[in-house]
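The values are calculated or read from the model by the stated rules, or taken from the named source; none is laboratory data. Just so you know, these numbers come straight off a predicted model, no measurement behind them. Methodologically, a virtual Cβ is constructed for each residue, glycine included, from the backbone with ideal geometry; neighbour enumeration extends over all protein chains shown.
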Amino acid sequence: MLYVGIDQHRKQLTVNVREESGNIILRRQVSTEWKKVRAFFDEVRELAQVHDGYISVVEICGFNDWLLKLLPEHGCRETVVVQPGDQSSHKTDRRDASGLSETLWINRDRISRNLPVRGLRRIQVAGPEEQADRRLTSQRHDVGRELTRSINRTKAVLRRHNLEQECPTKGIQTQRARKWLNQLLLGPVERAELNHQLARQDLLRKQLKELQTAILQRYEINHTAQLISTMPGAAAYSSLGLACRIGDIRRFKHPRSLANYWGLTPRSRNSGETDQRLGSITKQGSALARFLLGQLVLHVLRKDAWMRMWFRGIKRRRGSKIGRVAVMRRLATILWHMVTKNEPYVYGGPPRAPLARPAAADRT
């Protein structure tokens, strides 16, 4: 078996190939032009015929799709996609490719048996439907952020002249406020800036409406998203966004595994006599999943009395910010139980078994 490490960039691939003994037999930098990259992997396939095939490893990035489709077409038995590790003080593309192939070769037995590898954060590549849902919800998130920024820039123009208090309504997103903004007398430069922001907001709202329609269509055919929508405050967008970032729930063996996957567990630096040196959360998983859970916390605390009581206990000891993160982590655990058991959200938690009453002889 050959073990191929690939360091991917926009214009080139840096490839390092090791044989079964661990020796490097090929180093190459290959252009990403279709003709050249296909010719190179044809060469790798011919080289691997006498070695019973090859497997590859590549770090996750925003443009892996074409490479992950190309490798199986050229004889790759399996492609391991991993999260990039901490940057070394001596970083080059050749070192990265060599390190990837060496990691793949050292852990070849555990990877072949689909076992976890210490220090290697493996990525499960989503299927076409999940990828479409992820892109759709990410676009919805980005457009919402751009709309908020545009509204804030509009407010900044008004505050420069102390005009925000003269708005006929409390907010500036109503029809009356829009009519007032269109007729507002300003200098030529600031009038042009305000017109630009108002036109941008119209375009962004139109895009939000189109995205929301598409999200509703995808939500109606996604059973996991409909199950998540039973949580307080979870609409189609947040439910679909969380569902497509869970994937196959069977790969998370424990309830806490999902919270760890989304980066909601604290860092730990325990050494020597110190065994409780915990830091902030790792934030190694999906940032959008953490954002959606943070939005759901507000609704859960308002509607679920038991969760609110539990949150208040943490808030008294550690503060409200840490308390909200703790609720996010608990919601991730609840999501694991909901999806695993195919059950809706239960307010107040599942029913508790009644405590056993002591016998009459014991009471006397």
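Going residue by residue through the stretch 265-286, is there one that turns out to be under 20 Å from Gly127 (Cα atoms), of a type in the set (Gly, Ala, Ser) and in contact with a Gly (Cβ under 7 Å, 6 or more places away or on another chain)?
Checked the stretch 265-286: at least one residue is under 20 Å from Gly127 (Cα atoms), of a type in the set (Gly, Ala, Ser) and in contact with a Gly (Cβ under 7 Å, 6 or more places away or on another chain).
Suppose we filter the stretch 79-99 for residues that are under 25 Å from Gly285 (Cβ atoms) and not in a helix (DSSP H, G or I); how many remain?
Residues meeting the conditions: 11.
Can you name the residue in the stretch 22-59 that is farther than 22 Å from His9 by Cα and assigned to a loop (DSSP other than H, G, I, E, B) and, of all such residues, is modelled with the lowest pLDDT?
Among those that are farther than 22 Å from His9 by Cα and assigned to a loop (DSSP other than H, G, I, E, B), it is Asp52.
Please enumerate the residues belonging to the stretch 62-85 that are among the hydrophobic types (A, V, I, L, M, F, W, C) and either surrounded by 14 or more Cβ atoms within 10 Å (Cβ to Cβ) or modelled with pLDDT of 90 or more (or both).
Trp66, Leu67, Leu68, Leu70, Leu71, Cys76, Val80, Val81, Val82
For Cys167, only one of the following conditions fails: (1) within 28 Å of His299 (Cα to Cα); (2) surrounded by 13 or more Cβ atoms within 10 Å (Cβ to Cβ); (3) free of Cβ contacts under 8 Å to residues at least 40 places away in the same chain. What is its number?
Unmet condition: (1).
Which condition does Gly241 not pass, out of (1) over 26 Å from Cys167 (Cα atoms); (2) outside any helix (DSSP H, G or I), if it passes all the others?
Condition (2) is where Gly241 drops out.
Does Leu278 qualify as being surrounded by fewer than 14 Cβ atoms within 10 Å (Cβ to Cβ) and touching a Ser or Thr at 6+ places or on another chain (Cβ under 9 Å)?
yes
Kindly indicate which of Gln183, Gln139, Gln173, Gln207 is touching a residue at least 60 places away in the same chain (Cβ under 8 Å), of a type in the set (S, T, N, Q) and more than 22 Å from Ile246 (Cα to Cα).
Criteria check complete, one pass: Gln207.
Please state which one of Leu181, Leu186, Leu194 is more than 29 Å from Phe291 (Cβ to Cβ) and outside any helix (DSSP H, G or I).
On inspection, the qualifying residue turns out to be Leu186.
Mind checking which residues of the stretch 113-133 are of a type outside the set (A, V, I, L, M, F, W, C) and under 21 Å from Val15 (Cβ atoms)?
Listed by number, the list holds a single entry, Arg122.
Being over 26 Å from Asn152 (Cβ atoms) and in contact with a strand residue (DSSP E or B) (Cβ under 7 Å, 6 or more places away or on another chain) is true for just one of Arg251, Arg218, Arg267, Arg256. Which residue is that?
Among Arg251, Arg218, Arg267, Arg256, only Arg267 is over 26 Å from Asn152 (Cβ atoms) and in contact with a strand residue (DSSP E or B) (Cβ under 7 Å, 6 or more places away or on another chain).
Mind listing whichever residues of the stretch 188-205 are farther than 30 Å from His141 by Cβ and either modelled with pLDDT under 90 or among the hydrophobic types (A, V, I, L, M, F, W, C) (or both)?
Passing the criteria: only Val189.
Conditions (1) under 25 Å from Ile322 (Cβ atoms); (2) not in a loop (DSSP other than H, G, I, E, B), marked per residue:
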residue	(1), (2)
Leu204	no, yes
Ile215	no, yes
Lys283	yes, no
Leu296	yes, yes
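Taking the stretch 119-141 as the region of interest, how many residues are exposed (fewer than 13 other Cβ atoms within 10 Å of the Cβ) and in a helix (DSSP H, G or I)?
3
Here is a check on your reading of the model: is Glu102 part of a helix (DSSP H, G or I) and farther than 30 Å from Cys244 by Cα?
Yes; evaluated as a whole, the condition is true for this residue.
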